[in-house]
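A short write-up of the structure that comes next.
The values are calculated or read from the model by the stated rules, or taken from the named source; none is laboratory data. In this text, all values refer to a predicted model and were calculated from it rather than measured experimentally. Neighbour counts run over all protein chains shown; Cβ positions are idealised from the backbone, glycine included.
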Amino acid sequence: EATVPAEDKKRIVIANHLFPKGRVLSGDKGLVGWVVKNAAARGAQMANELNVAGAFHSPCMASASPALEKALQDIRVQEPSIPVFSNVTGKKYETAAEIKQLLVKQLESPVHWEQTIKGMIKDDNVGAFIDAGPGAQLKSMMRRIDPKVFRKTIVLDGK
C-alpha cells in the first residue's frame with residue numbers, strides 16, 4: 001500500500017472546506033497528483049486535479065503576505081455597514097482593521113466556506129441565497145450544507 005512520505009505531509013493542506021466531506025487540497029503539485037491518483041482506493045467519491053496558477057490558501061503562499069500587507073496599508077477600509085463574512089473565520093467581520101488582517105491571513109489559510117454559510121444561516125438577516133455564477137455551484141453546495149436553505153437558494157444562470 002502506497003503511503004505519503006512523512007516529509008511531504010507538511011506540503012499539502014486542506015485549502016477549502018466546501019461542504020461536509022467536500023474538500024479542496026493545495027500544496028506541492030506532485031503530491032496533489034499523488035493524492036488524486038490514490039483517492040478512490042481510499043474511499044473518496046471523487047478527486048480531480050484543478051489547473052490553477054498556485055498553491056492558494058496554503059503555507060506555500062507565505063512569501064506573498066508581506067507584499068499584500070504593505071499594499072493594504074495604503075487602502076482605506078471602512079467598517080461594514082451590512083454583515084460581511086470572512087471565509088477565514090466563518091464569522092462576520094467586526095472592524096475595518098480585522099478585514100485587513102484577515103485578508104492577509106487568507107493567503108495561507110483555508111477557505112471555510114461551509115462554516116461561513118452556516119454562520120450566514122444563523123444570522124437573522126439572511127433569508128435566501130442567490131447563485132449568480134455560471135451553473136448552479138452554490139445551490140449544489142447548499143444542498144449538502146443545509147437542505148432547508150437549499151430550497152431557498154435561487155439560481156440566476158438562466159439554464
Single match in Gly22, Gly54, Gly43, Gly27 (criterion: closer than 22 Å to Ser140 by Cβ and within 19 Å of the chain's Cα centre (by Cα)): Gly22
Of all residues making up region 68-83, the number that are touching a residue at least 12 places away in the same chain (Cβ under 8 Å) and surrounded by 11 or more Cβ atoms within 10 Å (Cβ to Cβ): 7
Search result, residues across region 27-67 that are free of Cβ contacts under 8 Å to residues at least 12 places away in the same chain, closer than 14 Å to Lys105 by Cα and not aliphatic (A, V, I, L, M): Ser63, Pro66
Output for region 119-139, where each listed residue is surrounded by 15 or more Cβ atoms within 10 Å (Cβ to Cβ) and modelled with pLDDT of 85 or more: Gly119, Met120, Ile121, Phe129, Asp131, Leu138, Lys139
Filter pass, Asn16 being modelled with pLDDT of 90 or more, surrounded by 11 or more Cβ atoms within 10 Å (Cβ to Cβ) and part of a strand (DSSP E or B): yes
Residue check for Ala55: within 25 Å of Lys118 (Cβ to Cβ), surrounded by 15 or more Cβ atoms within 10 Å (Cβ to Cβ) and touching a helix residue (DSSP H, G or I) at 6+ places or on another chain (Cβ under 7 Å): no
